[in-house]
């Protein structure tokens, strides 16, 4: 019915398509583990259910909320409508202070408590992360 050349071309095209599909699948699967979503304290309050995946919470560090107990840093992130308590162990950036913008990466324990694994506050005094700025303007 079909000649040898046609069968060989069909086989190579099929092989290329299967390889391409497998490559795309593997790339998307590996990226899935590294995706981190950004939320504000108000966004967290309206979540229907808590997620076990890593997220980022951004806002302003509430004044007079920084407290260090047993090498653990406790502070409150606010978007001026809602607040969330954050606990973190580790080195904080030099520009981490009260009243400044911050993004904390970690895991939600409940809607009012967040366990941070990383604090992102590397900016000058006038800079605010775009996600935080958008979330504050939206609220």
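Remarks
- Nearest-ten-degree value, helix 4-32 long axis tilted from longest Cα axis of the chain: 10 degrees
- Ordered by the count of other Cβ atoms within 10 Å of each Cβ, fewest first, 9, 4, 56 give 4, 9, 56.
- Beta-bridge orientation, the chain: approximately 75 percent antiparallel, per DSSP, counting only bridges with both partners inside.
- Residue order, fewest to most beta carbons within 10 Å, for 112, 30: 30, 112
- Shape summary of the stretch 64-107, radius of gyration then Dmax from alpha carbon positions: 10.3, 30 Å.
- Between residue 98 and residue 13, the contour length at 0.36 nm per residue exceeds the alpha carbon distance by 24.6 nm.
- The value of relative contact order for the stretch 3-134, using C-alpha pairs under 8 Å at least six residues apart, is 21 percent.
- Modelled FRET efficiency - R0 25 Å, residue 31 with residue 134, Cβ distances, 0.05 increments: 0.60
- Förster radius 35 Å - calculated FRET efficiency between residue 115 and residue 22, Cβ distance, rounded to 0.05: 0.45
- Diffusion constant of the chain at 25 °C, which comes from Stokes-Einstein with the Kirkwood Cα-pair radius and 0.890 mPa s, µm²/s: 139 µm²/s
- Helical mean residue ellipticity (222 nm; -39500 (n - 2.57) per DSSP H run of 4+; nearest 500) of the chain: -10000 deg cm²/dmol
The numbers here are math on the coordinates, done by the rules we state, and not lab data. The model shown is predicted, which means the values in this text are computed figures rather than measured ones. FYI the Cβ positions are ideal-geometry reconstructions off the backbone, even for glycines, and counts take in every protein chain you see.
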